[in-house]
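Readers should treat all values here as calculations from the given coordinates under stated rules, not as data from a laboratory. Quantities reported herein were computed from a predicted structural model and do not represent experimental measurements. A quick note on method: Cβ atoms are made from the backbone with ideal geometry, for glycine too, and the neighbour counts reach across all protein chains shown.
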Amino acid sequence: MTTPHTFAIGSEDFLLDGEPYRILSGAIHYFRVHPDQWRDRIHKARLLGLNTIETYIPWNFHAPTQDEFHLDGPYDLGRFLDEVAAEGLNAIVRPGPYICAEWDNGGLPVWLTRNPNIRLRSSDPIFMGAMDSYFGAIAPVITTRLKQNGGPIILMQVENEYGAYGADKEYLRQLVELYKKYGFDVPLTTVDQPFEEMLVNGRLDGLHMTGSFGSRAEEKIAALRKYQPTGPIMCSEFWDGWFDSWGIPHHTTSAAVAAHELDAILSKGGSVNLYMLIGGTNFGLTNGANHKGQYVPLITSYDYDAPLAEDGTPTEKYWAFRDVIARYAPVPDETPAMRRTPAPALTSSFDTRIPWAALLDQAAKTHSNAAPSTFDDLLRNGYLLYSREISAAGEAVIEFTDLRDRAQAFLNGALIGTLDRDHGDRVLALPHDAAGTLEILVEDLGRVNYDTHIGEWKGLGPVLLDGKPLLGWDVTPVDLDYARITDAAERTGEHIRADHGVGGPVLLQGRLSVETSTDLFLSTEGWGKGVAWINGFCLGRYWSRGPQKTLYVPAPVVNAGTNIVTIFDVNGAVPAIVTVPEPDLGYTEV
């Protein structure tokens, strides 16, 4: 910790120890960057000319169940904030409880949102009671690191773009009271897109309003000024890029145009937070989804076309922004490395096949005589296997009335069809005189992170056979815990030849030799759809649909020597393991 300071909001400026202070911030989500790489990204923020780092806190990341709250390892928010302070930078913390961030369920825990009686993001006592516990869990990390206590935190945000969701002023007031209760004694802000309805709904007297936008900066600042004529101007989410979704081109934005908009904010005396400075990666199964009439899940990479690429490499946008910032604030003489060093181009192959049935968690099996159980019922994400006996005479179809999100149907072990929610698939024809065991493998592709579909249940949903409900399903989770995978490999793994493709669903495992610990880009060409690990670290999802064609492998999880690569592929894959020199995030819009 450093010497205590004061930070306040003045009539025209932010005030640090009573002197005008312009916030030049960049967003780094500690939960999307490997902890051993936090300091590198923070250091590059300072070399860009920034003086502040901003981060959300994803509640569900820290609290996967109601009885858990993790604050160590990748969850060590305190360490992250201490590394911000060690680099001489300030911090802005946004604890939600809702964060959006294109993160699974907008950061809200499933054990909370599964309650049918809860009213999310409202003054509902059930929701506020859970909020009280959440704030109590993070308070020891936050309060000791406030600016007046010698730490880096100068601002905290109440909720997140609430004006786009609701208008419950009592909810916002109760949130402020919780901030006071737990000693979050720094200036508090809100953020909304500068549209009249959102600004009116999301504001609360006593909270400083900030804006979120990525274009037409002068127009958006003027709209914000209409509702807050005094105080410092701040764009607390300057969208300098955008996120990607499966089956949609990779988004890129012009560095020159983005730099022009940044200059427009700074020329007005404004403060800014670059969203994102570095996007990072949706490791594991943490990606969110959008639903504005159609469900659209996000990819694993959160590169965001940001000033720092997913692996921390400075991009053209980094240098363009640095030139702009240098017109308004001191920029260090030191510069980061100009170019990404090509990663090793390596080849190997999967040599072991593991029956995917070895991952079925029989101990967690539930039986239902009515509607199929959901992921929420079992507090799971990933995959569930639904099964029951059927008998149909002649031609027959099954209808999935509300599938969430992807289903592969098997009859007596043979694949008979695949249905994707985002394509609107609903009906599947059965083989003639279908009889025997019907199994349906359902994947949760990521929970919606924005708007009214936040907190929706996941699972098979009602199924009809020729218009009549099919009831009474056995439901078995597919356990993707790596300890279970390791055990399954030891018990049931069998050798396969490197020149034969393998049908899915299947677990494949192989070894990759690397001379030194370094970043890798794992090619997914030739693989179907699934999840990948290296040395037990879950890299995230892949899908031949694209646009993403490589998975980022951070150096801290790579061994000098032998590395174990594992995939669970539901479609099937060629058994090649290939790394390439550069990331390939896919085709772009022209």
Practice task
Once every Cα of the range 289-332 carries one equal point scatterer and solvent is ignored, give the base-10 log of I(q)/I(0) from the Debye formula at q = 0.21 Å⁻¹, two decimals.
Solution key: -0.74
Exercise for the section: Just order 506-515, 296-305 by mean Cβ neighbour count inside 10 Å, highest at the front, would you? Expected result: 296-305, 506-515
Practice task
Between beta-carbons, use under 11 Å as the cut-off and find the net charge around Asp168, counting Lys and Arg +1, Asp and Glu -1.
Solution key: +1
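So for the range 131-218, what are the equivalent ellipsoid semi-axes in whole Å, largest first, each being the square root of 5 times an eigenvalue of the Cα gyration tensor? It would help to have the intermediate numbers written out before the result.
Numbers: eigenvalues 125, 53, 19 Å².
Semi-axes, largest first: 25, 16, 10 Å.
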Handout entry: Per-residue ³J(HN,Hα) for the range 237-254, Karplus 6.51 cos²θ - 1.76 cosθ + 1.60, θ = phi - 60°, Hz, x for Gly and Pro
Key = 9, 8, 6, 8, x, 7, 8, 10, 10, 4, x, 10, x, 5, 7, 9, 10, 5
Fill in the blank from the handout: Cβ-Cβ cut-off under 14 Å around Lys365, Lys and Arg +1, Asp and Glu -1: the net charge is -3
Exercise for the section: Under a cut-off of 30 Å between alpha-carbon atoms, report the lysines in cross-link reach of Lys44, not counting same-chain residues fewer than 8 places apart. Expected result: Lys147, Lys220, Lys268, Lys317, Lys549
Exercise for the section: Please compute the Cα-Cα pair-distance distribution of the range 449-590 with 10 Å bins starting at 0, giving whole percents from short to long. Expected result: 10, 32, 32, 18, 8, 1
Practice task
Could you tell me, in Å, what Rg and Dmax come out for the Cα atoms of the chain?
Solution key: 24.8, 82
Exercise for the section: Place +1 on the Cβ of every Lys and Arg and -1 on the Cβ of every Asp and Glu in the chain, take the dipole about the Cα centre, and give the residue among Leu385, Ile138, Val578 whose Cα lies farthest towards its positive end. Expected result: Ile138
Problem - Amide H partners (placed H, <5 Å) of Gly540, local residues excluded - result: Gly284, Ala532
Exercise for the section: For the range 361-478, list log₁₀ I(q)/I(0) at each q in 0.11, 0.12, 0.20 Å⁻¹, using the Debye formula over Cα point scatterers of equal strength and ignoring solvent, two decimals each. Expected result: -0.34, -0.40, -1.10
Completion exercise
Looking only at aspartates and glutamates whose Cα falls under 14 Å of Lys181's and that sit 8 or more positions away or on another chain, we get Asp132
Handout entry: Directionally averaged projected area (convex hull, Cα atoms, the range 202-353), nm²
Key = 13.7
Fill in the blank from the handout: One would report the Cα pair-distance distribution of the range 402-453, bin width 5 Å, in %, as 4, 19, 25, 21, 14, 8, 4, 3, 1
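In debye, nearest 20: dipole of the chain around its Cα centre with unit charges on the Cβ of K, R (+) and D, E (-)?
Charge dipole, the chain, about its Cα centre: 440 debye, nearest 20.
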Fill in the blank from the handout: Looking only at lysines whose Cα falls under 22 Å of Lys292's and that sit 8 or more positions away or on another chain, we get Lys458
Exercise for the section: Compute the signed sum of charges (Lys and Arg +1, Asp and Glu -1) over the other residues within less than 10 Å, Cβ to Cβ, of Met156. Expected result: 0
Practice task
Mind ranking 89-101, 315-327 by how tightly packed they are, going by the mean number of other C-beta atoms within 10 angstrom, highest first?
Solution key: 89-101, 315-327
Handout entry: Coarse-grained scattering of the range 22-325 at q = 0.06, 0.08, 0.15, 0.16 Å⁻¹, given as base-10 log I(q)/I(0) from a Debye sum over alpha-carbon atoms
Key = -0.17, -0.32, -1.28, -1.49
Problem - P(r), alpha carbons of the range 54-122 - 10 Å bins starting at zero, rounded % - result: 19, 45, 26, 8, 1
Fill in the blank from the handout: Rounded to the nearest 500, the 222 nm mean residue ellipticity computed for the chain from DSSP H runs (n ≥ 4, each -39500 (n - 2.57)) alone is -6000 deg cm²/dmol
Problem - Sequence ranges 230-237, 271-278, 398-405, ranked by mean other-Cβ count within 10 angstrom, highest first - result: 271-278, 230-237, 398-405
